[in-house]
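Right, one structure below, let's go through it.
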């Protein structure tokens, strides 16, 4: 980079955790107080990020120039000071500055430096406008030929092109080879111990705060070669050259603006760890995968959800204000105000998940339990949950003074976000995008008109919205006295998408005016592909490939035994059906002809066995009954040790299944499985697909790579494949491995969150 060239800030400022500033000519004019406008900006920045000041000056100078100028309630716990170019290190703890370390020059070193400066006077004779010429700061000695305290105008006129000081630096380096010597400020030269430069200070800062260089920005006026900021470049942090404090103010403003412009992402469930209370199925897992991919891409997302249950992962912390008090969000529902505490979890600095918790003393006993259970069976609880999520999310953004670049709403559960945007963030009502993850209306809520008037009309009135107009936007086609959150979501969104090509086709058949853009779902590879495969999975020999597959299957069989007490065959072709138990997914289809199924599992020459897992919504009695039926059948003599059901479905169980299965079974009614990401996860591990041609499956030619179940004879095809085609191929290892490799290629090339993320950026986030 050429001297003085500026580096521009891109989106990655949102992932920045720490901003480091030089002082003189960066935050303030030389030796001067920071401007009031700079004080305000620093105060705002300290509320959002950690800040450090590294300066050739002393703590006293930083105190005079910066600290004394900040507003009284500035959050100083986020500020670190590194005077004397990093030779000292101070942190604020409860209002007091504590010196963590100090590395001072010795008396002998100081004398040597003074003597050497005197020797170079002949090279560039001091102008001596103002005395003193030399300042001993403890860890650094500074020399200025025009005087340490000379006015800015004199300093600027003395050596604008650094020519004079470069000669002095060269001479001093010959005399002081064991010291750091750099140009600093407008007229000075800074001398410290060898290695004791600003790079040392920055590296020490990174180590003590456990930060990566990519998470840090440095802003200074002397990043040019031989400047006293130049050494910082070697630390690997992002460096930005400025000429004056006004440029710094512009950069801080830009950082704040970008901080205030994440994508606001709303979903009722998130599967980010193995907590079964936080998700019910594929929607939650997909949301978790998307956050992880966004973090990898350093794309700014602030996600909103609800805190279910009464326990919390240690990865979450309570959101607090600058006085360390919990931030509480007021949500008007009917004629009362419900308050919610906020828990936050960071996925890198660019991605945050914020979840609302009503279990606080400020709420009534009934309202404290509102967020205790996902998809609560009580209608009014679910309605309030959705209002807490949508209205609460928009209000929290206002509290944090964050203006999202857009709102991304997932399913009808999140529709009240759009209502809150219409009410409280009107200028962004054309920046709502929505994703419909299923063709079923149950993904939203039908609200009788009388309940709309009770719970939602008062909120509309509060912000001057015409509630009849709002109701009309969500009027259910089959019943004009019902408000559909799904319909309102779609009608209030500028851009909306389905989650596979076929999904949008079926939506068009159901709703002729549907304008869903297809964005097929994907899965997060780092999360779902077994580590045993390694980075060069397709370069493995057939022997290595099969050894790993056998290892993963054996691990699954052992896990199933641990969970169920049943002993399966570690060498048998293992077929898995695992997903949410819902009627349209037909979990009982496999069991529709028990005599035929008994015959299939009795094949001793080419054995085949089944593992079933999943869970149903708490309110889905049919789904719960299906699980009970399968458990009962698995214990009968015909199926014992051949079919097992693993209870308490979780991410850990899912990982064992997708890693160890040989065949992934998917039996929905065609047109009902909008995408079907479980098959993608399994496919990343070489698990062959046996599926109805629905969702993503419909987008692939599966010839010689899997088995497609026809829509009109699904059961017959299923039994035929299980009886002959699947075992015949499985026990031909060469052909089976070939199909495994092809399956991995299919998923890896087009059905990961990396591709999905790209599609959202290009097709949906077009605001």
task: From the C-alpha gyration tensor of the range 552-751, pull out the three semi-axes of the equivalent ellipsoid (sqrt of 5λ each), sorted largest to smallest, in whole Å.
output: 22, 20, 17
- request: Take residue 321, project a point 7 Å from its Cα along the Cβ direction, then tell me which residues of the range 390-421 have their backbone nitrogen under 12 Å from it.
  value: 399-400
- request: Just report the Cα centroid separation between the range 537-555 and the range 301-374, whole Å.
  value: 45
field: Distribution of pairwise C-alpha distances over the range 202-321, 10 Å bins, in %
entry: 11, 28, 29, 19, 11, 2
- prompt: When 460, 267 are ordered from fewest to most other Cβ atoms inside 10 Å of their Cβ, what list results?
  reply: 460, 267
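Determine the shape class of the range 544-655: with a ≥ b ≥ c the square roots of the Cα gyration tensor eigenvalues, call it rounded for a/c under 1.5, and otherwise prolate if a/b is greater than b/c, oblate otherwise.
Details: a/c = 1.96, a/b = 1.29, b/c = 1.52.
Note, shape of the range 544-655 comes out oblate.
Once fully extended, how much extra length lies between residue 337 and residue 603, figured as 0.36 nm per residue of separation less the alpha-carbon to alpha-carbon distance?
Working: separation 266, 0.36 × 266 = 95.76 nm, distance 6.39 nm.
So the extension gain works out to 89.4 nm.
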message: Report the rotationally averaged projected area of the range 263-518 based on its alpha-carbon convex hull, in square nanometres.
response: 13.3
field: Pair residue 194, residue 704: separation of 7 Å Cα→Cβ label points (nm)
entry: 6.7
message: Just to be sure I understand: of the beta bridges DSSP finds with both ends in the chain, what percent are antiparallel, rounded to 5?
response: 40
Structure-derived Kirkwood radius over Cα pairs in Å: which label, when the choices are (1) 28.1; (2) 36.8; (3) 29.7: (3)
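Calculate for the chain the 222 nm mean residue ellipticity that helices alone would give, adding -39,500 (n - 2.57) per DSSP H run of length 4 or more and normalising by residue count, nearest 500 deg cm²/dmol. If you can, show how the numbers build up before the last one.
On the way: 25 runs with 264 residues, N = 767.
Dividing the helical sum by the residues of the chain leaves -10500 deg cm²/dmol.
Starting from the Cα gyration tensor of the range 143-193, take the square roots of the eigenvalues, sort them a ≥ b ≥ c, and report rounded, prolate or oblate (rounded when a/c is under 1.5, otherwise prolate if a/b is larger than b/c, else oblate). Spell out each step's value before the answer.
Values: a/c = 2.83, a/b = 1.87, b/c = 1.51.
Prolate shape, in that a/c is at least 1.5 and a/b is the bigger ratio.
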field: Helix axis angle, 733-750 relative to the chain longest principal axis, alpha carbon, degrees
entry: 50
message: Angle check, please: helix 379-399 long axis (alpha carbons) against the longest principal axis of the chain (alpha carbons), in degrees 0 to 90, nearest 10.
response: 20
query: Rounded to the nearest 5, what is the percent of antiparallel bridges among the DSSP beta bridges in the range 263-518?
result: 50
field: Debye equation applied to the C-alpha atoms of the range 687-767, log10 I(q)/I(0) at 0.14, 0.25 Å⁻¹
entry: -0.57, -1.19
- prompt: Which three extents, in whole angstrom, do the alpha-carbon atoms of the range 69-177 cover along their principal axes, largest first?
  reply: 50, 35, 22
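What shape does the range 617-725 have by the C-alpha gyration tensor, where a ≥ b ≥ c are the square roots of the eigenvalues, rounded means a/c under 1.5, and otherwise prolate means a/b greater than b/c and oblate the rest? Mind dumping the intermediate values first?
Working: a/c = 1.41, a/b = 1.34, b/c = 1.05.
In terms of gyration-tensor shape, rounded.
Neighbouring Cβ atoms within 10 Å as the yardstick, rank 692, 327, 687, 120 fewest first.
Working: 692 26, 327 16, 687 29, 120 21.
Fewest to most other Cβ atoms nearby, the residues stand as 327, 120, 692, 687.
Given R₀ = 22 Å, what would the calculated FRET efficiency be for residue 625 paired with residue 454, taking r from the Cβ atoms and rounding to 0.05? Write out the running numbers ahead of the final one.
Working: r = 34 Å, r/R0 = 1.55.
Calculated value: 0.05.
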statement: Expected sort for 707, 546 with the fewest Cβ neighbours (10 Å cutoff) up front is 546, 707
message: Would any residue of the range 670-691 have its amide N under 15 Å from a label point 7 Å out along Cα→Cβ of residue 538? List them or say none.
response: 684-686
query: Relative to the first principal axis of the alpha-carbon coordinates of the chain, what is the inclination of helix 163-175, with its axis defined by its Cα atoms, in degrees from 0 to 90 and to the nearest 10?
result: 90
query: So what's the gap between the Cα centers of the range 467-518 and the range 215-229, to the nearest angstrom?
result: 53
task: With a point put 7 Å past each Cα toward its Cβ, work out how far residue 360 is from residue 32 in nm, to one decimal.
output: 4.4
message: Could you work out the percent of alpha carbon pairs in the range 288-378 separated by over 22 Å, rounded to a whole number?
response: 34
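Where a number appears in this text, it was derived from the coordinates with a stated rule and is not lab data. Everything numeric here is computed off the predicted structure, so don't read it as measured data. Heads up, the Cβs are rebuilt from the backbone with ideal geometry, glycines too, and the neighbour counts pull from every protein chain shown.
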